[in-house]
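In what follows, a single structure is set out as structure tokens and then discussed.
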Amino acid sequence: MAETKNFEEKLKRLEEIVTQMESSDRPLNEIITLFKEGAALSKECKSELDRLDIEVQKVLEENEDGTLLTEKAGATYDL
């Protein structure tokens, strides 16, 4: 079973991947494999950041009646 990494571990792995890809002595197929792993990790990190952004918005924005409100791209959503 694959180990679940937290955000910081994923970010550290992304940094390692970038360093490895910058090494000019890597074969192309290895660079492609690293790129795919990095792209997947990047997507996971962005998803987590988006989720946390919504959570922060819930804390920071509250309607007068106590309901939580968040705004994104001009639209308003009651959560």
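Every read-out reported here was derived from the displayed coordinates using simple, explicitly stated rules and does not represent laboratory data. Bear in mind the structure is a predicted one, so any value in this text is a computation, not a measurement.
Note the full-extension length gain between GLU30 and GLN57 as 0.36 nm times their separation in residues minus their Cα-Cα distance, in nm to one decimal.
Length gained, GLU30 through GLN57: 5.7 nm.
Using the Karplus curve 6.51 cos²θ - 1.76 cosθ + 1.60 with θ = phi - 60°, what ³J(HN,Hα) values do you get for each residue of the range 30-44, in whole Hz, with x for Gly and Pro?
After applying 6.51 cos²θ - 1.76 cosθ + 1.60, I find 6, 5, 5, 4, 4, 4, 4, 4, x, 5, 5, 5, 4, 5, 5 Hz.
Can you spot the lysines whose alpha carbon is less than 18 Å from LYS58's alpha carbon? Ignore those fewer than 8 places along the same chain.
Of all the lysines, those that pass the test against LYS58 - Cα under 18 Å, at least 8 places apart if same chain - are LYS72.
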